[in-house]
Amino acid sequence: MRAYDIILKKRNGQELSTEEINFLIEGYMSGKVADYQMSAWAMAVFFRGMTERETADLTMAMVRSGEQVDLSPIQGIKVDKHSTGGVGDKTTLVLGPLVAAAGVPVAKMSGRGLGHTGGTIDKLESIPGFQTGIKKEQFFNNVNQIKIAVAGQTGNLTPADKKLYALRDVTATVDSIPLIASSIMSKKIAAGADAIVLDVKTGCGAFMKTEEDAFKLAAAMVGIGAKVGRKTTAVVTDMDQPLGNTVGNALEVKEAILTLKDKGPADLTELCYTLGSRMLVLGGRANTYDEGRKILEELLKSGAALSKLKELVEAQGGDGTVIENEELLPDTKYSLPLKAAADGYVYAINAEQVGIAAMVLGAGRETKEDVIDPAVGIIINKKRGEEVKSGEILATIYYNDEHRARDAERILLAAYTIKNEKPLDRPLIFGYVDETGSYRI
Ligand code: URA
């Protein structure tokens, strides 16, 4: 077998065999296939695409390139949730305790934020004392005892994906649906999930800017899950404006706590019920999504899910009193209101730009080496469709550094579009994809 022939075959639009895909990935990892050959192949995939079978083969070849987490010491069906990334997306902080309170094990390995999107690990680390670097044994024990643990990714999972992603990033081949689908699914499968619920975001703050592409990506990932025996279901959801009202680590933890007190924003609460009910069905705790939702609503309203968050925080060395007293979370020295210059309606809030403004403040990282400030961030006071009067506060910037605040203010102001007309309603949930097909709402 030669890499040249495999590249040629894909360039000509033919389907590659399992052996050819394995040869390519193994050869790339051993150094027998060069970066320039892999780049040419990725570009051929970009234009020619891959079949469901090829995409599943690529996924599994990348899974085999590194360690695979064995979650079998944890009792029950391990259902993972993955979001394709967003701004203000603190879903895991609400959903994890909610689903764990229902008795479904949540063995969550999460990442840090990069660029305009945040990461669960950074958010949790804004809680004083919270340890995300817990050992495997403690991780397993905690999930068995209290049904939940959240840790940073360790180990050498999917090195082939890391290497290929770095190459795609500099060869204009990131936005290929089969390559994105196999990249995401390889990481979930290597992390040991039995079943996966995907939150595929669409809109200006998401990877998939259009609804159509989001459904295609969702279908590609559900297809991989079906082929490799991991039940996978996807929900396509809005990321045209930030989720909830806060962006920034401690601010998002505060909002998650409020949401578990049943005082959170409607969009975040609804998204958690939608994703959580699917986790309960895949985890064998409910027979239907409606039944799952009812269970979750009761757990939220009774305070059981909030108590579960406290258990999680304390089990990982954090100060559990933050749950009753959110003021104990890090706070900034200063705040700056962003005011509307004219009367009208909030026509759009560019989520990506809000994420960039938060990053500029220090809530996120431009490069992996950047150090974040857990306290800084943005509160969105007016969301899409709301009426505003001139001088009213659109958003509030929480900051510690004046220069950064001024930069963020400029970006945030440009992120808001105020018009005289009200925008058309945009749904939070665009539809679902499972093994039986795609359903648009
Ligand atoms: N996220 C991933 O993990 N991989 C991709 O290829 C794109 C987004």
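The values are calculated or read from the model by the stated rules, or taken from the named source; none is laboratory data. Here the structure is a predicted model, which is why all the values come from computation and not from measurement. So basically every Cβ, Gly included, is an ideal-geometry build from the backbone, and we count neighbours across all protein chains shown.
One table, with the values for the structure above:
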| read-out | value |
| --- | --- |
| Ala181 within 9 Å of the ligand (Cβ to nearest atom), within 30 Å of Gln37 (Cβ to Cβ), under 17 Å from the mean Cα position of the chain (by Cα) and not hydroxyl-bearing (Ser, Thr, Tyr) | yes |
| Search result, residues across the range 64-114 that are surrounded by fewer than 24 Cβ atoms within 10 Å (Cβ to Cβ), of a type in the set (A, V, I, L, M, F, W, C) and within 16 Å of the ligand (Cβ to nearest atom) | Leu114 |
| Neighbours by Cβ (under 9 Å, 6+ apart or cross-chain): first from the range 165-186, at positive phi; second more than 9 Å from the ligand (Cβ to nearest atom) | Ala172/Met43; Ala172/Phe46 |
| Selection count, the range 139-161, where residues are surrounded by fewer than 16 Cβ atoms within 10 Å (Cβ to Cβ) and in a helix (DSSP H, G or I) | 3 |
| Top-ranked residue in the range 184-198 [being among the charged types (D, E, K, R) and assigned to a helix (DSSP H, G or I); ranked as nearest to the ligand (Cβ to nearest atom)] | Lys187 |
| Selection within the range 37-70 - in a helix (DSSP H, G or I) and free of Cβ contacts under 8 Å to residues at least 60 places away in the same chain | Gln37, Ala40, Trp41, Ala44, Phe47, Arg48, Asp57, Arg64 |
| Filter pass, Lys216 being at pLDDT 95 or above, away from the ligand (no atom under 13 Å from the Cβ), in contact with a strand residue (DSSP E or B) (Cβ under 9 Å, 6 or more places away or on another chain) and part of a helix (DSSP H, G or I) | yes |
| Residue list for the range 199-213, filter: surrounded by fewer than 19 Cβ atoms within 10 Å (Cβ to Cβ), in a loop (DSSP other than H, G, I, E, B) and either within 11 Å of the ligand (Cβ to nearest atom) or over 17 Å from the mean Cα position of the chain (by Cα) (or both) | Thr210 |
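This table checks each residue for (1) farther than 30 Å from Asn350 by Cβ; (2) at pLDDT 95 or above; (3) assigned by the TED database to the domain that holds Pro159.
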| site | (1), (2), (3) |
| --- | --- |
| Arg53 | yes, yes, no |
| Ala56 | yes, yes, no |
| Ala61 | yes, yes, no |
| Gln68 | yes, yes, no |
| Gly86 | no, no, yes |
| Thr92 | no, yes, yes |
| Gly118 | no, no, yes |
| Glu125 | no, yes, yes |
